[in-house]
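Trainee: Here you go, one structure.
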Amino acid sequence: MQKFIDAVRLALASIWAGKLRSFMTVLGNIVAVTSIIAVVSLIRGMNSYVSDAILTDVGAGTFKVERQGPTTSEEEEERQRNNPRITLVELNTLTKAGETIESVMAQAYNGAPVVYRDEQLDSVQIRGVSKEYLEFSGYDPELGRLPSRFEVESSRPVCFLGYGTADRLFKGATPIDRSIQVKGVHFRVIGVNEEKGTLFGNSQDEFIVIPLGAFQKLFGSRRSLELTVKPRDPMQIERTMDEARVALRSLRKLGPKEPDNFGMYTSDTIMNIFRAFTAGAFSVLIGVVGLSLVVGGVVIMNIMLMVVSERTREIGLRKALGARKRDIVWQILTESTTLSVAGGLVGTLLGFVAALLVSQFTFLPARVELWAVALGIGMTAVVGLFFGLYPAIRAASLDPIEALRRE
């Protein structure tokens with residue numbers, strides 16, 4: 001153990017003595033480890049961020065039925081473009097489809113101008129919801145209340161505001177029981193949602209919820225709906241999706257060999273697509289990092305060969321005093337590994353700083369992973385060992401008499 005400590009101390013002294021040369025030697029390692037730490041931190045943070053966002057949008061234990069589902073190719077997108085609209089007929093069909101379905105909610109979206117006295121917002125997302133929306137999570141009133149089932153069913157002119165919309169319209173004044181105009185039609189404000197913040201740089205607090213019937217009077221009934229289905233047992237979501245698919249295919253009279261002309265997906269479906277994308281990006285990163293490490297390793301090998309040449313007399317003297325070949329090999333390998341790992345440590349620090357700076361000044365989150373640190377430092381240690389082996393063997397093979405003669 002003492003020999004190892006002495007060898008590391010000697011290696012660190014050598015690195016410090018030639019700071020610029022050492023920095024240039026391990027620059028490839030620094031770039032490689034900085035890249036892998038920064039990108040892994042951002043990818044892991046994005047996975048967590050997107051997962052929370054998708055769960056908020058789709059809902060845990062539920063699935064969506066839309067005119068078009070998630071697509072991964074232009075051909076699939078083109079095929080789905082001609083799918084028929086989702087209407088209240090599909091809502092009623094799924095509500096009666098089977099015993100495994102607990103509830104089905106319909107909603108639709110559209111932008112419209114909103115006015116309160118002298119304040120006007122040019123385009124706010126208007127959400128029309130069916131009476132079942134109360135059985136699904138997603139809204140938490142900070143002021144007032146949500147529209148009741150009766151108000152939604154009877155298409156009363158009431159509305160529930162997002163925090164940002166209420167703040168911009170009323171400038172801090174109490175919005176409850178005030179009347180606003182949506183596309184020229186008056187709606188009474190009965191509640192304001194709690195603040196949610198931003199998602200991918202876009203505010204989640206700019207919306208107005210109104211009854212679906214009132215929405216269809218404003219924008220027409222030919223707009224396709226989005227259905228959210230809640231199974232009675234979240235553990236049997238696949239069975240529930242199968243029942244819903246059979247009911248919709250039967251409604252639309254699709255043959256056994258005809259593909260679905262509607263989209264159906266869970267939060268896991270979208271998350272798997274996103275993870276496949278990030279996995280591809282990570283694979284490309286590994287290739288770039290591998291190339292950087294190989295280049296860095298070759299530079300380390302060349303520098304260590306130069307070090308062996310510069311210290312030929314020292315190595316000859318050590319061998320003349322009784323040092324064995326394995327002692328010389330151990331010394332050179334320790335120095336090359338210490339040099340390589342030093343680059344890995346600097347790269348790790350810079351990677352964290354880069355990830356935190358990106359997280360600080362953009363909407364992209366960063367999530368530090370200990371395994372990424374271990375991977376980065378471990379790879380640089382392997383590079384130091386592998387590319388330091390040839391210089392170490394060459395040093396150990398020196399003839400002590402010839403080495404001592406060397407000037």
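Trainee: Determine whether Val288 is touching a residue at least 24 places away in the same chain (Cβ under 8 Å), open to solvent by 30 Å² or more (accessible area, probe 1.4 Å) and either outside any helix (DSSP H, G or I) or more than 15 Å from Ala396 (Cβ to Cβ) (or both).
Mentor: Spelling it out, Val288 is indeed touching a residue at least 24 places away in the same chain (Cβ under 8 Å), open to solvent by 30 Å² or more (accessible area, probe 1.4 Å) and either outside any helix (DSSP H, G or I) or more than 15 Å from Ala396 (Cβ to Cβ) (or both).
Trainee: Residues of the stretch 221-249 being over 30 Å from the mean Cα position of the chain (by Cα), aliphatic (A, V, I, L, M) and open to solvent by 70 Å² or more (accessible area, probe 1.4 Å), which ones?
Mentor: Correct list: Val246 only.
Listed here are the residues, each with its yes/no results for (1) within 19 Å of Leu121 (Cβ to Cβ); (2) open to solvent by 40 Å² or more (accessible area, probe 1.4 Å); (3) in a loop (DSSP other than H, G, I, E, B).
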{"residue": "Leu143", "(1), (2), (3)": "yes, yes, no"}
{"residue": "Glu151", "(1), (2), (3)": "no, no, no"}
{"residue": "Arg156", "(1), (2), (3)": "no, yes, yes"}
{"residue": "Cys159", "(1), (2), (3)": "yes, no, no"}
{"residue": "Thr165", "(1), (2), (3)": "yes, no, no"}
{"residue": "Leu169", "(1), (2), (3)": "yes, no, no"}
{"residue": "Ile176", "(1), (2), (3)": "yes, yes, yes"}
{"residue": "Ile180", "(1), (2), (3)": "yes, no, no"}
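Trainee: Right, something else. For the structure I just gave you, tell me whether Arg252 is open to solvent by 20 Å² or more (accessible area, probe 1.4 Å), out of contact with any strand residue (DSSP E or B) (no Cβ under 8 Å at 6 or more places or on another chain) and within 27 Å of Asp122 (Cα to Cα).
Mentor: In short, no.
Trainee: Then there's this: Among what's in the stretch 43-88 and is exposed (fewer than 12 other Cβ atoms within 10 Å of the Cβ) and within 30 Å of Gly220 (Cβ to Cβ), pick the residue that is modelled with the highest pLDDT.
Mentor: If we take residues in the stretch 43-88 being exposed (fewer than 12 other Cβ atoms within 10 Å of the Cβ) and within 30 Å of Gly220 (Cβ to Cβ), then Pro84 is modelled with the highest pLDDT.
Trainee: Consider the stretch 344-364. How many of its residues are surrounded by 15 or more Cβ atoms within 10 Å (Cβ to Cβ) and assigned to a loop (DSSP other than H, G, I, E, B)?
Mentor: Selection size over the stretch 344-364: 1.
Trainee: Hey, among the residues in the stretch 365-400 that are buried (at least 17 other Cβ atoms within 10 Å of the Cβ) and assigned to a loop (DSSP other than H, G, I, E, B), which one's modelled with the lowest pLDDT?
Mentor: Top of the filtered list is Leu398.
Trainee: May I pose another question? Does Val295 fit the bill of being closer than 30 Å to Thr34 by Cβ and part of a helix (DSSP H, G or I)?
Mentor: Against the criterion (closer than 30 Å to Thr34 by Cβ and part of a helix (DSSP H, G or I)), Val295 qualifies.
Trainee: On to the next question. Can you work out which of the residues in the stretch 182-228 that are of a type in the set (Lys, Arg) and in a loop (DSSP other than H, G, I, E, B) is farthest from Thr93 (Cα to Cα)?
Mentor: Checked the stretch 182-228; the qualifying residue farthest from Thr93 (Cα to Cα) is Lys196.
Trainee: Sticking with this structure for a sec: Regarding Gly138, is this residue of a type in the set (Gly, Ala, Ser), open to solvent by 40 Å² or more (accessible area, probe 1.4 Å) and within 15 Å of Ile210 (Cα to Cα)?
Mentor: Spelling it out, it is not the case that Gly138 is of a type in the set (Gly, Ala, Ser), open to solvent by 40 Å² or more (accessible area, probe 1.4 Å) and within 15 Å of Ile210 (Cα to Cα).
Trainee: How many residues does the stretch 89-120 hold that are open to solvent by 70 Å² or more (accessible area, probe 1.4 Å) and either at pLDDT 90 or above or outside any loop (DSSP other than H, G, I, E, B) (or both)?
Mentor: The qualifying residues number 6.
Trainee: A follow-up question, please. So in the stretch 303-343, with the set limited to residues that are closer than 12 Å to Leu389 by Cα and of a type in the set (S, T, N, Q), which one is surrounded by the most Cβ atoms within 10 Å (Cβ to Cβ)?
Mentor: Among them, the one singled out is Ser336.
The values are calculated or read from the model by the stated rules, or taken from the named source; none is laboratory data. Because the structure is a prediction, the values reported are computed rather than measured. Quick reminder, even Gly has a Cβ in these numbers, built from the backbone with ideal geometry, and neighbours come from all protein chains shown. Just so you know, the surface numbers come from the protein's heavy atoms only, side chains and all, with ligands and any DNA or RNA stripped out. Shrake-Rupley method; radii C 1.70, N 1.55, O 1.52, S 1.80 Å.
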